[in-house]
Amino acid sequence: MENNHLKIAMICLHSSPIGNIGTQDTGGMSVYVRELSRELGRLGHYVDIYTRNNVESCSRTITLCERVRIIHLTVKDSSHLSKYELHPLIPEFLSSLENFRSQEEICYDLIYSHYWLSGILGEWAREIWKVPHLIMFHTLGALKNSCGMGQQESELRISAEKKLAELSSGIIMASNRERNNFMRYYGAALEKTDLVPCGVHFEIFRPTESRKARLKLGLALEEKIILYVGRLDPLKGIDRLMKAFTLLSSRNSVRLIIVGENGCPGSALEKLMTDLGIRKSVSFFERVNHTLLPLYYSAADVLAVPSLYESFGLVALESLACGTPVVATPVGSMEKIIIKGETGLVTSDFSVQALAEALNFYVSGKNKTRAETVRSSIAEYTWSRSAKGVLRFFNDVLSEHPKKRSAEHLFKSPFFLKSYAYEKQSGHIGHKSTPG
Ligand code: UDP
């Protein structure tokens with residue numbers, strides 16, 4: 001490796017890696033940033049994760065593990081804003097970021113940002129620091145919009161993503177499908193992207209005997225269980241899952257368990273299950289921490305991933321690591337991580353019928369694959385491998401990046417920053433770009 005012990009500025013603006021995972025804006029991206037950073041730290045690299053302070057904690061800096069810190073960017077009144085309201089505040093986040101960096105006199109080797117909002121912040125920081133800027137988008141606005149469900153993503157977001165595809169030093173994608181779609185929808189160049197799949201924490205996500213898990217969770221022993229884990233976003237397709245449930249041949253002895261967010265009292269989903277007449281067969285659980293989630297996966301006969309869009313789909317890996325097969329729609333990395341007919345099924349389309357058919361197999365008692373076989377099928381998906389893959393790309397990018405440190409002294413001045421942030425108030429990225 002050419003650059004031992006890199007100093008990495010990880011930017012994850014809207015959602016904290018130590019936030020309540022499984023709630024509205026805090027899902028796979030937060031898990032990714034947390035687990036990847038830990039691995040990078042374990043490998044001897046230094047990671048500062050910059051995020052806004054929307055966790056119940058006021059400390060400016062929190063040590064996540066050796067060499068990895070979380071730094072809360074303090075921008076007045078921003079902690080309770082939705083991510084959609086953060087864009088105009090990016091100049092202030094930049095001031096907070098640069099003031100911290102200059103106070104600590106750190107020179108980062110590179111920036112790795114997550115999601116388009118962080119990408120804009122990262123791009124502006126790149127202009128000042130003159131170091132490479134890499135991005136992982138996690139989701140793409142144009143792809144979300146192509147599903148025609150949920151909140152439409154703004155033109156602002158899509159044009160920012162296009163600009164970032166052009167300006168950034170590299171883009172990391174977690175699945176081949178996402179990479180291909182990125183090139184198709186955004187005209188991005190293949191050479192600028194790298195494919196690095198996500199991982200799973202095998203020590204946490206491990207099988208427990210189903211009966212034991214059900215007893216611990218107070219679940220019935222005689223029912224078949226279909227499990228859904230995740231945020232309750234319309235793109236997750238939970239409504240289709242409920243409709244598929246009504247088509248199951250043995251539905252009276254099957255329970256659908258939905259884990260995530262606040263258990264959805266009063267939501268459209270609650271109304272839907274009443275309309276479909278499946279209220280008694282569906283149980284909602286409020287978000288569950290990773291320490292307890294393996295029990296849910298182990299208790300289930302199958303995990304359903306009925307999404308219309310995923311950039312990767314971490315819950316599928318977690319379920320497989322717990323020995324529980326997965327039935328999924330063709331999204332994210334599903335075809336890559338599921339062995340057809342052995343560790344699960346990927347439907348050929350997004351229809352309710354196809355989902356019901358695949359689920360029928362797993363609630364009919366026909367599945368004979370042992371939990372250990374399911375688990376070992378994804379043994380290669382460790383976070384350590386993800387970190388090494390990301391580092392390989394970092395080093396490729398760094399080896400092509402000219403070192404430009406000459407103007408650094410300028411940027412330690414908070415006065416400079418104030419005027420810099422002011423100039424950026426226009427909200428456009430890269431309009432005065434000085435490629436580093
Ligand atoms: N998750 C959780 N508790 C919950 C629901 C979800 O910790 O109650 C976690 C889940 O274990 C996974 C992440 O949230 O690690 C969801 O990631 P995924 O890639 O499946 O979906 P995303 O949220 O990125 O759309």
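Computed values, structure above
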quantity: Count - residues of the stretch 166-175 that are more than 19 Å from the chain's Cα centre (by Cα) and open to solvent by less than 10 Å² (accessible area, probe 1.4 Å); calculated: 1
quantity: Conditions (1) within 30 Å of E400 (Cβ to Cβ); (2) modelled with pLDDT of 95 or more; number of the one not met by G187; calculated: (2)
quantity: Leading residue by the ranking (farthest from the ligand (Cβ to nearest atom)) among those in the stretch 294-311 that are open to solvent by 10 Å² or more (accessible area, probe 1.4 Å) and over 25 Å from K368 (Cβ atoms); calculated: L308
quantity: Those residues of the stretch 1-50 which are in a loop (DSSP other than H, G, I, E, B) and of a type in the set (A, V, I, L, M), in sequence order; calculated: M1, L6, L13, I18, I21, L43
quantity: A160 being assigned to a helix (DSSP H, G or I) and touching a residue at least 40 places away in the same chain (Cβ under 8 Å); calculated: yes
quantity: Counted residues, the stretch 312-326 - those being over 21 Å from V352 (Cα atoms) and of a type outside the set (A, V, I, L, M, F, W, C); calculated: 4
quantity: Among (1) under 30 Å from T369 (Cα atoms); (2) assigned to a helix (DSSP H, G or I); (3) open to solvent by 40 Å² or more (accessible area, probe 1.4 Å); (4) out of contact with any Gly (no Cβ under 8 Å at 6 or more places or on another chain), the one test that N180 misses; calculated: (1)
quantity: Complete set of residues in the stretch 348-386 that are aromatic (F, W, Y), closer than 18 Å to L303 by Cβ and open to solvent by less than 40 Å² (accessible area, probe 1.4 Å); calculated: Y362, Y381
quantity: Hits in the stretch 15-37 (condition: more than 13 Å from the ligand (Cβ to nearest atom) and in contact with a helix residue (DSSP H, G or I) (Cβ under 7 Å, 6 or more places away or on another chain)); calculated: S16
quantity: Cβ-Cβ under 7 Å pairs, at least 6 apart or on other chains, the stretch 15-31 side open to solvent by less than 40 Å² (accessible area, probe 1.4 Å) and among the basic types (K, R), far side more than 8 Å from the ligand (Cβ to nearest atom) and part of a loop (DSSP other than H, G, I, E, B); calculated: none
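To keep it simple, each residue is scored yes or no on (1) crowded, with 21+ Cβ neighbours inside 10 Å; (2) away from the ligand (no atom under 14 Å from the Cβ); (3) in contact (Cβ under 8 Å) with a residue 12 or more places away in the chain; (4) within 19 Å of D275 (Cβ to Cβ).
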site	(1), (2), (3), (4)
F202	no, no, yes, no
K216	no, yes, yes, no
L221	no, yes, no, no
Y228	yes, no, yes, yes
R251	no, yes, yes, yes
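The values are calculated or read from the model by the stated rules, or taken from the named source; none is laboratory data. From a predicted model like this one, the values you see are computed outputs, not experimental measurements. Neighbour counts run over all protein chains shown; Cβ positions are idealised from the backbone, glycine included. Note: accessible area is taken over every heavy atom of the protein model, side chains too, but ligands, DNA and RNA are not part of it. Shrake-Rupley method; radii C 1.70, N 1.55, O 1.52, S 1.80 Å.
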